[in-house]
Amino acid sequence: MDGRAVSNASDSSNTQGVPLLDLKRQLGPLRAEIAAALARVCDSAAFCLGPEVQELERNLAAYCQVKHAIGCASGSDALLLALMALDLGPGDEVILPSFTFFATASAVTRLGARPVFADIDPVTFNVDPGEIERLIGPATRAILPVHLFGQCADMDAILRIARDAHVPVIEDAAQAIGAEYDGHRAGSMGEVGCLSFYPTKNLGGAGDGGMLTTNDDRLAEKLRLLRVHGMHPRYYHKMVGINSRLDSFQAAVLNVKFPYLDQWTALREANARRYSEMFVAAGLERTVGLPAVGPWRRHVWNQYVIRVPDGRRDALRQFLAEAHIGSEVYYPLGLHAQECFRYLGYDEGDLPETDLAAKEVLALPIFPELTADEQSLVVRRIAEFFQRASRGHRLAGPKYLKHPLARQNLRRPQP
Ligand SMILES: *Cc1c(COP(=O)(O)O)cnc(C)c1O
């Protein structure tokens with residue numbers, strides 16, 4: 001999800017601090033199974049798009065409720081391939097949120113098309129459908145919602161807008177495998193869905209990998225061609241594609257991990273619920289903004305992201321770091337404000353909710369193996385920070401407590 005090296009911090013007996021993510025706790029118990037699967041790939045010598053890849057494609061097509069799942073080299077490539085399959089190019093516009101990982105937008109610009117950035121809902125952090133309605137125009141060739149942090153965007157509204165405008169929807173489901181909107185899985189609602197197996201994602205490989213999902217037979221066939229340079233049969237090229245094959249090694253690791261995915265998601269959900277209870281018990285639910293789950297959603301909690309108002313986010317992050325508690329800022333700058341997209345002509349202030357979220361968000365440890373004691377330590381340290389911060393200062397508190405969704409976190413009467 002980001003360029004930073006994946007943390008392998010601390011072992012589970014570490015009572016000093018809490019890592020943002022500790023992959024070793026997940027991989028430890030699976031080590032023998034994974035080693036055996038990798039040995040099988042070695043013995044078969046089918047290293048690219050081998051039988052392991054086909055098995056993973058079958059598993060994930062069923063899991064994501066789609067007819068076709070097509071492996072590729074990364075989530076970033078999945079986005080690029082999806083837009084290539086729609087024949088996107090110069091003069092075309094794609095509407096997407098500015099508050100997302102870079103790859104959502106770079107897939108658009110790499111094809112010479114123009115990203116049109118939409119602002120977000122401040123409580124779910126997902127694209128605001130009203131913004132899509134405002135921005136849609138004759139050059140719009142696709143809508144690209146992102147299911148950020150593991151929660152589906154407002155797909156009812158987005159699909160209705162798309163249908164009325166006869167524009168396809170590509171879902172960036174890189175953070176949201178297994179997430180649901182009204183019973184529909186992430187990646188099954190638009191024309192194409194894009195998954196990532198980067199190690200920090202809910203189903204993470206031992207390196208890079210990605211997957212495309214679709215119910216459209218024609219698009220599926222095109223995507224299968226595009227990922228192998230448009231080649232069929234061998235050395236005859238029907239179209240100009242890219243090299244984006246999924247390694248059999250990655251697929252082998254993912255096939256071992258896949259049966260545990262729902263179990264891990266349940267643990268993430270339990271951790272999220274426990275955090276919210278702990279924040280309320282500590283009296284912090286009007287001091288920070290707690291994450292909320294929208295109606296008809298299954299949130300899979302790739303990240304648990306709070307809002308830290310009053311300009312104190314970076315100070316809190318520093319305070320936690322000194323207490324050896326990992327946290328991260330996803331994302332510190334909206335894409336509309338990135339240096340490489342200056343040519344698009346956006347000004348600071350064009351997307352106010354994105355700009356404010358970028359200043360306030362803080363992701364806390366939420367991985368499945370996180371313990372209740374560790375969560376308690378995280379919340380105690382945050383309480384400590386605000387006790388110090390409020391001394392001699394009046395804190396305004398988060399801006400969005402009256403948002404209909406935010407109310408679900410306010411269990412105590414207003415003081
Ligand atoms: C991780 C991520 C991607 C890119 O996936 P990679 O596999 O890292 O290329 C795209 N979009 C979002 C929202 C992501 O979090």
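The values are calculated or read from the model by the stated rules, or taken from the named source; none is laboratory data. Not measured: the values here are computed from a predicted model. As a convention, Cβ positions derive from the backbone with ideal geometry for all residues, glycine included, and neighbour counts pool all protein chains shown.
Values computed for the structure shown
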quantity: Residues of the range 232-256 classified as surrounded by 22 or more Cβ atoms within 10 Å (Cβ to Cβ) and among the charged types (D, E, K, R), total; calculated: 1
quantity: Subset of the range 329-350 [assigned to a helix (DSSP H, G or I) and either surrounded by 12 or more Cβ atoms within 10 Å (Cβ to Cβ) or not hydrophobic (A, V, I, L, M, F, W, C) (or both)]; calculated: LEU335, HIS336, ALA337, GLU339, PHE341, ARG342, TYR343, LEU344
quantity: Matching residues in the range 205-219 - criterion: being over 14 Å from GLY71 (Cα atoms) and crowded, with 24+ Cβ neighbours inside 10 Å; calculated: none
quantity: Some residue of the range 307-328 being under 25 Å from ASP154 (Cα atoms) and surrounded by fewer than 17 Cβ atoms within 10 Å (Cβ to Cβ); calculated: no
quantity: Which numbered condition ALA45 fails, given (1) within 16 Å of the ligand (Cβ to nearest atom); (2) under 26 Å from ASN255 (Cα atoms); (3) of a type in the set (Gly, Ala, Ser); (4) surrounded by fewer than 20 Cβ atoms within 10 Å (Cβ to Cβ); calculated: (1)
quantity: Test: LEU316 is modelled with pLDDT of 95 or more and part of a helix (DSSP H, G or I); calculated: yes
quantity: Hits in the range 201-236 (condition: charged (D, E, K, R) and away from the ligand (no atom under 16 Å from the Cβ)); calculated: ASP216, ASP217, ARG218, GLU221, LYS222, ARG224, ARG234
quantity: All positions within the range 391-410 that are assigned to a helix (DSSP H, G or I) and in contact (Cβ under 8 Å) with a residue 40 or more places away in the chain; calculated: ALA406, GLN408, ASN409
quantity: Pick from the range 152-178, criterion in a loop (DSSP other than H, G, I, E, B) and away from the ligand (no atom under 12 Å from the Cβ), ranking: surrounded by the most Cβ atoms within 10 Å (Cβ to Cβ); calculated: CYS152
quantity: Residue check, ALA103 at pLDDT 95 or above, among the small types (Gly, Ala, Ser) and in contact with a strand residue (DSSP E or B) (Cβ under 7 Å, 6 or more places away or on another chain); calculated: no
quantity: Tally, over the range 92-117, of residues that are without any contact (Cβ under 8 Å) to a residue 40 or more places away in the chain and either closer than 19 Å to ALA357 by Cα or among the aliphatic types (A, V, I, L, M) (or both); calculated: 5
quantity: Every residue from the range 183-200 that is near the ligand (Cβ under 10 Å from one of its atoms) and closer than 15 Å to ALA78 by Cα; calculated: CYS194, LEU195, SER196, PHE197, TYR198
quantity: Selection status of ALA282, over 24 Å from ASP182 (Cβ atoms), among the hydrophobic types (A, V, I, L, M, F, W, C), within 16 Å of the ligand (Cβ to nearest atom) and surrounded by fewer than 20 Cβ atoms within 10 Å (Cβ to Cβ); calculated: no
quantity: Those residues of the range 325-373 which are aromatic (Phe, Trp, Tyr) and within 30 Å of LEU261 (Cα to Cα), in sequence order; calculated: TYR330, TYR331, PHE367
quantity: Close pairs (9 angstrom Cβ cut-off, 6 or more residues apart or separate chains): closer than 15 Å to LEU261 by Cα in the range 185-199, in a loop (DSSP other than H, G, I, E, B) and away from the ligand (no atom under 14 Å from the Cβ) anywhere; calculated: ARG185/CYS64; ARG185/GLN65; ARG185/VAL66; ARG185/GLY178; ALA186/CYS64; ALA186/GLY178; LEU195/CYS64
quantity: Number of the exception - ARG234 against (1) among the charged types (D, E, K, R); (2) assigned to a loop (DSSP other than H, G, I, E, B); (3) touching a residue at least 12 places away in the same chain (Cβ under 8 Å); calculated: (3)
quantity: Number of the exception - ARG224 against (1) in a loop (DSSP other than H, G, I, E, B); (2) surrounded by 15 or more Cβ atoms within 10 Å (Cβ to Cβ); calculated: (1)
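Rundown of residues vs (1) surrounded by 20 or more Cβ atoms within 10 Å (Cβ to Cβ); (2) of a type in the set (Val, Ile, Thr); (3) more than 30 Å from PRO404 (Cα to Cα), yes/no style:
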{"position": "ASN59", "(1), (2), (3)": "no, no, yes"}
{"position": "CYS72", "(1), (2), (3)": "yes, no, yes"}
{"position": "LEU81", "(1), (2), (3)": "yes, no, yes"}
{"position": "MET84", "(1), (2), (3)": "yes, no, yes"}
{"position": "GLY112", "(1), (2), (3)": "no, no, yes"}
{"position": "ALA118", "(1), (2), (3)": "yes, no, no"}
{"position": "GLU131", "(1), (2), (3)": "yes, no, no"}
{"position": "ALA139", "(1), (2), (3)": "no, no, yes"}
{"position": "ALA142", "(1), (2), (3)": "yes, no, no"}
